[in-house]
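S.K.: Mind looking over this structure? Questions follow.
The values are calculated or read from the model by the stated rules, or taken from the named source; none is laboratory data. Here the structure is a predicted model, which is why all the values come from computation and not from measurement. Cβ atoms come from the backbone with ideal geometry, glycine included; neighbour counts cover every protein chain shown. All accessible areas refer to the heavy atoms of the entire protein, side chains included, with ligands and DNA or RNA removed. Shrake-Rupley method; radii C 1.70, N 1.55, O 1.52, S 1.80 Å.
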Amino acid sequence: MIDFSKTPLIATIIQDYETREILMLAYMNKESYNLTLEKGETYFYSRSRKKLWHKGETSGCVQKVKGIYSDCDGDALLILVEQSGVACHTGELSCFFNEIVACNFQKNIIEIICYRILDRVKNPVENSYTNYLLAEGIDKICKKIGEESSEIIIAAKNENKNDLIDEICDLIYHILVLMQNKDINLKDISIKLQERYAIKGNKKKWRENDFNPSYRYKTR
């Protein structure tokens, strides 16, 4: 348990409960800790401003608490959260983006792009193609998805693998913009894919229902 009489301010690590990425480090006192337990969202104590603050109160990038753990000495906290938007006030997903010694690991670039698209919604950038698509709306976005799909088919018929990769990346990006436009996130897609992955079909039924896309896709 946390003993705030021994340590008035507790170092608190915030981690994404799905990706396990470290998002930020902040400090809690007893009051902010109790508010976090009560409200189910993170509250911290600002050492510079000498006051409590609710993460996401102004930005909308709140952190819903999924789990809280203390270290072996009871003087540090690890909180797993569902992060809305980005964690860092700079617009980056995580506060830990300043590279000092490089580590050769792969970040989930799809999630990074999703966060960037969300940030463009909240903080529009002049001459941003993402902002242009979002401003034009669903018709323009769907038109681009149709164009990119056609270009994938053409590229697939050719021998240049890099051209096909480029077109696939273009399609994925425009689909992610569409998802933002329709308020769909990666978690929604992941849940649906897991549901469909768990369903077992058979080849005969698959062939018999070629003209029923709904059946065909749900019985892999």
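S.K.: Of all residues being modelled with pLDDT under 85 and of a type in the set (Phe, Trp, Tyr) in the range 166-220, which is nearest to residue 108 (Cα to Cα)? Just the residue, please.
M.R.: Filtering first and then ranking leaves 217.
S.K.: Being open to solvent by 70 Å² or more (accessible area, probe 1.4 Å) and in contact (Cβ under 8 Å) with a residue 40 or more places away in the chain is the filter here; which residues of the range 44-70 pass it?
M.R.: Correct list: 66 only.
S.K.: Would it be correct to say that residue 87 is of a type in the set (Gly, Ala, Ser), in a helix (DSSP H, G or I) and closer than 21 Å to residue 185 by Cα?
M.R.: Taking the combined requirement at face value, the residue does not satisfy it.
S.K.: Condition check: out of contact with any Ser or Thr (no Cβ under 7 Å at 6 or more places or on another chain) and touching a residue at least 40 places away in the same chain (Cβ under 8 Å). Does residue 103 satisfy that?
M.R.: no
S.K.: When you go through 41, 92, 31 one by one, which is the residue that is out of contact with any Leu (no Cβ under 8 Å at 6 or more places or on another chain), of a type outside the set (A, V, I, L, M), surrounded by fewer than 18 Cβ atoms within 10 Å (Cβ to Cβ) and without any contact (Cβ under 8 Å) to a residue 40 or more places away in the chain?
M.R.: Being out of contact with any Leu (no Cβ under 8 Å at 6 or more places or on another chain), of a type outside the set (A, V, I, L, M), surrounded by fewer than 18 Cβ atoms within 10 Å (Cβ to Cβ) and without any contact (Cβ under 8 Å) to a residue 40 or more places away in the chain holds for just one of 41, 92, 31, which is 92.
S.K.: Being of a type in the set (Ser, Thr, Tyr), more than 29 Å from residue 109 (Cβ to Cβ) and in contact (Cβ under 8 Å) with a residue 60 or more places away in the chain is the requirement here; does residue 19 meet it?
M.R.: Judged against the criteria, residue 19 is not a match.
S.K.: Now for a different question. Return yes or no: is residue 137 surrounded by 12 or more Cβ atoms within 10 Å (Cβ to Cβ), small (Gly, Ala, Ser) and touching a residue at least 24 places away in the same chain (Cβ under 8 Å)?
M.R.: So residue 137 does not fit the description; no.
S.K.: I'm trying to understand the selection: among the residues of the range 71-89, which are surrounded by fewer than 16 Cβ atoms within 10 Å (Cβ to Cβ) and at pLDDT 95 or above?
M.R.: Of everything in the range 71-89, just one residue is surrounded by fewer than 16 Cβ atoms within 10 Å (Cβ to Cβ) and at pLDDT 95 or above, namely 78.
S.K.: Tally the residues that are within 10 Å of residue 83 (Cα to Cα) and not acidic (Asp, Glu), restricting the search to the range 12-54.
M.R.: 4
S.K.: Just to be sure I understand, how many residues within the range 11-27 are at pLDDT 95 or above and either within 13 Å of residue 74 (Cα to Cα) or of a type outside the set (A, V, I, L, M, F, W, C) (or both)?
M.R.: 4
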